[in-house]
Each structure stands twice: as C-alpha cells, then as structure tokens.
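Quick notes on the structure that follows.
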Amino acid sequence: RILIPTMYLHDIGNYKFFNEKVPNLNTQLNLKPKHMIRSAFVAKKVLKRLGCFSSSEIRKIVHLVRVHDEIKKEKSHDEQLVFEIDSLGQVDRGRVKPTFSKKDSLRYLDIFEKERIPLFRTKYGKSILKRLFKEAKEYKY
C-alpha cells in the first residue's frame, strides 16, 4: 500500500525539468535534489486527489518520494527498499535504454559504483545488482 505508489510517483517531478531529447548528465545530477522536492509536491496532490489513501499513508509515501535519491548511510527499512529499487532501475539495461550519451552513461556508471553500490544492504538487492551492473557495464551503445 505504501511502496508501490511510492515507486510510481518517485520521479513524477522530472517532467518539469527535462525537455532535452538527450538529457545531459551534469544537468540531471544538479537537478536531483530539486526533482525529489518537486516529485513529493506532485505526489501529495495526486494522492489526495485519488482519495483512497489516509493522511498517514500520504505522509509516508510523500516522505519516501522526497528522500528516494538521497545518498546517505542510514535509512529506514522502507527508505532502503525504495533506494535499492530505484537504483536497480537505473542500471537495468534490459528494461530501460540509456538516455544519456555513451560517454555520460559510462561516467554515470562510475558515479553509481562509487556512491550507490556501497549503500546496498539487502541480500536480494545485492544479488540483483551484481547481475544488472555487470550487464550495464557490458551494454553495447
């Protein structure tokens, strides 16, 4: 009831920021904090409009949307799951084609490896990450 709507809404704020056909990595990295704020704002409006979530559920979902991309060591269980699910989606080349240039995509994988991989905590997340990251590194652009 909390995680699925969180994942549907976590990047909804991006629509305001990216009008380029091929987004630039530097632009996207600089806008990450703003997109989380914007996504949380839009998510709250959507959830209220749907009318099927309690105030407590809305607060939880909006909070998870607001922090989903934060690179920090300590996370609640739900924050950790959302972080790992979102991160796995970022390197799943079988489901999502890269939107960056080859150069930016490879640079992003280097950043991902340094900043995100060390923060994986769940056994399942680590096992999926190992396969997806290897495939992302070997992706033919």
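The values are calculated or read from the model by the stated rules, or taken from the named source; none is laboratory data. Note that this is a predicted model, so its numbers are computed, not measured. Cβ placement follows ideal geometry from the backbone for every residue including glycine, while neighbour counts extend to all protein chains displayed. For accessibility, only protein heavy atoms count, side chains too; no ligands or nucleic acids. Shrake-Rupley method; radii C 1.70, N 1.55, O 1.52, S 1.80 Å.
Working from label points 7 Å from Cα in the Cα-to-Cβ sense, the Ile117 to Leu29 distance is 1.7 nm.
Determine which residues of the range 83-103 fall in the zone a paramagnetic label at Lys137 would reach in this model, i.e. backbone nitrogen under 18 Å from the point 7 Å along Cα→Cβ. So the set is 88-94, 103. Quick one: how many Å² of Arg107 are accessible to a 1.4 Å probe, rounded to 10? Using a 1.4 Å probe on the heavy atoms, I get roughly 90 Å².
Taking all C-alpha pairs of the chain, those more than 19 Å from each other amount to 54 percent. Applying the Karplus relation 6.51 cos²θ - 1.76 cosθ + 1.60 with θ = phi - 60° to the range 99-115 yields 3J(HN,Hα) values of 9, 8, 5, 4, 4, 5, 4, 5, 5, 5, 4, 5, 5, 4, 4, 7, 9 Hz, where x marks Gly and Pro. Accessible surface comparison of Arg93, Arg66, Arg121, probe 1.4 Å, protein chains only, largest first: the order is Arg121, Arg66, Arg93. With a 1.4 Å probe rolled over the protein heavy atoms of all chains, the accessible area of His35, His63 falls in the order His63, His35, largest first.
For the residues Lys140, Lys32, Lys97, a 1.4 Å probe over the protein chains yields an accessible-area ranking, largest first, of Lys140, Lys97, Lys32. Surface exposure of the chain, expressed per residue as accessible area with a 1.4 Å probe, stands at 63 Å². A protection proxy built from the mean count of other Cβ atoms within 10 Å ranks the segments 48-55, 3-10, most packed first, as 3-10, 48-55.
Kindly state, to the nearest 0.05, the FRET efficiency for Ser127 paired with Ser54, given R0 = 25 Å and r defined as their beta-carbon distance. Calculated transfer efficiency: 0.15.
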